[in-house]
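Beneath this line is the structure, given in structure tokens, with notes to follow.
Every number here is computed from the coordinates shown, using simple stated rules; none is lab data. Please read all numbers here as calculations on a predicted model, not as lab measurements. Because the Cβ atoms are built from the backbone with ideal geometry, glycine has one as well, and the counts that use them run over all protein chains shown.
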Amino acid sequence: MSQITTHILDTSKGRPAENVHIMLQKFEGNDHWKQIAEGQTNADGRLPGLLPEDVILEKGIYRLVFDTGNYFKAHHVHGFYPFVPIVFEIQNAEHYHVPLLLNPYGYSTYRGS
């Protein structure tokens, strides 16, 4: 399993958000972010293979950037947030699950398992 996993639930529909483009980036300092990986959610709203299983990220600050604008546009919905960036810190080699609960005018996240 990838060290970083995520899933998106569209709470306005009570359904997974399929086909959402997601980028994983590492903070390099001075407001510079380096792209590490990217992918798209599956029919279950998950992105299980963001990183190869053998890749362990070093300690640091990372962010997942969710392209929510194109997701809402594809569903003919006006959304307030075109992108949702979730910034988090990796402390060790353990698994990090970063879910997104999404609706057109709000979002929430937490550290999952």
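Would you mind finding the one in Ala37, Ala43, Ala17 that is over 13 Å from Phe88 (Cα atoms), in contact with a helix residue (DSSP H, G or I) (Cβ under 8 Å, 6 or more places away or on another chain) and among the small types (Gly, Ala, Ser)? Spell out how you get there, then give the answer.
Details: Ala37 fails: in contact with a helix residue (DSSP H, G or I) (Cβ under 8 Å, 6 or more places away or on another chain); Ala43 fails: in contact with a helix residue (DSSP H, G or I) (Cβ under 8 Å, 6 or more places away or on another chain).
On inspection, the qualifying residue turns out to be Ala17.
I need the full set of residues from the range 85-104 which are in contact (Cβ under 8 Å) with a residue 24 or more places away in the chain and either of a type in the set (S, T, N, Q) or assigned to a strand (DSSP E or B) (or both), in order please.
Val87, Phe88, Glu89, Ile90, Gln91, Asn92, Tyr96, His97, Leu100, Leu101, Leu102, Asn103
In contact (Cβ under 8 Å) with a residue 12 or more places away in the chain, part of a helix (DSSP H, G or I) and surrounded by 17 or more Cβ atoms within 10 Å (Cβ to Cβ): which single residue out of Tyr107, Tyr71, Tyr62 fits that description? Spell out the reasoning first.
Working: Tyr107 fails: part of a helix (DSSP H, G or I); Tyr62 fails: part of a helix (DSSP H, G or I).
Going through Tyr107, Tyr71, Tyr62 in turn, the sole match is Tyr71.
Regarding the range 23-35, can at least one residue be identified that is polar (S, T, N, Q), closer than 21 Å to Gly112 by Cβ and in a loop (DSSP other than H, G, I, E, B)?
Let us first name the residues in the range 23-35 that are polar (S, T, N, Q), namely 25, 30, 35.
Now restrict to residues that are closer than 21 Å to Gly112 by Cβ: 25.
Those still in the list that are in a loop (DSSP other than H, G, I, E, B) too: none.
Taking every residue of the range 23-35 in turn, none turns out to be polar (S, T, N, Q), closer than 21 Å to Gly112 by Cβ and in a loop (DSSP other than H, G, I, E, B).
Given the criterion surrounded by 18 or more Cβ atoms within 10 Å (Cβ to Cβ) and part of a loop (DSSP other than H, G, I, E, B), identify the matching residue among Gly79, Gly49.
Gly79 is the lone residue from the list that is surrounded by 18 or more Cβ atoms within 10 Å (Cβ to Cβ) and part of a loop (DSSP other than H, G, I, E, B).
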